[in-house]
Amino acid sequence: LEGLMQFLRRKAKSMRVKKTLWEQSLYNTLKDLHYNFKNQVPIICREKYGYIVDFLLIDHNIIIEVDGKSTHGSKEQQKADNQRSRRLKKEGFHIIRFWNKQISTLTKQQIQQIIELKIALLKENC
């Protein structure tokens, strides 16, 4: 398990340097909105599956993923993403997914509204 975490940490570090245009845009937005977050965060689930999530809002256990059609558009990949989401939810995380196109077209305020709605729903369900 420690070997898996070391591998994930190395990979996450290189991914932080090579952000996609959309990840960089969301990074800047989250920073401008003063969210407490980390990006490219390695997580190991109980079932011993390792993932690197794009963003983690630390105070709310919310993972934000930025998906591109070329990588996440196929039926197979969407099935794998859904499995990944289920595993992460079992670990107590909550997930918001944005397509690249949404990051390009939504305003900073709209992204904030989506995040704040998720936070409000989580508080309501406590």
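The values are calculated or read from the model by the stated rules, or taken from the named source; none is laboratory data. Computed from a predicted structure; not experimentally measured. Positions of Cβ are generated from backbone atoms using ideal geometry, with glycine treated the same way; all protein chains shown enter the neighbour counts. Side chains included, ligands, DNA and RNA excluded: accessible areas come from the protein's heavy atoms. Shrake-Rupley method; radii C 1.70, N 1.55, O 1.52, S 1.80 Å.
If 29, 105, 20 are ordered by their accessible area, calculated over protein heavy atoms with a 1.4 Å probe, which sequence runs from highest to lowest?
105, 20, 29
Quick check: at a probe of 1.4 Å, how many percent of the accessible area of the chain sits on carbon and sulfur atoms?
Here it works out to 51 percent.
With the other protein chains left in place, how much accessible area per residue, in square angstrom, belongs to the chain at a 1.4 angstrom probe?
Per residue, the chain has 64 Å² of solvent-accessible surface.
Net charge around residue 53, counting only other residues with Cβ within less than 10 Å of its Cβ (Lys, Arg = +1; Asp, Glu = -1)?
0
Using each residue's phi in segment 58-64, evaluate 6.51 cos²θ - 1.76 cosθ + 1.60 at θ = phi - 60° and report the 3J(HN,Hα) Karplus result to the nearest Hz, with x for Gly and Pro.
4, 5, 10, 6, 9, 9, 10
Show me the trypsin sites (Lys or Arg not before Pro) within segment 31-83 that DSSP assigns to loop and that have at most 13 other Cβ atoms within 10 Å of their Cβ.
46, 48
When the dipole is taken about the Cα centre of the chain, and only Lys, Arg (+1) and Asp, Glu (-1) are charged at their Cβ, what size is it in debye, to the nearest 20?
In total the dipole reaches around 400 debye.
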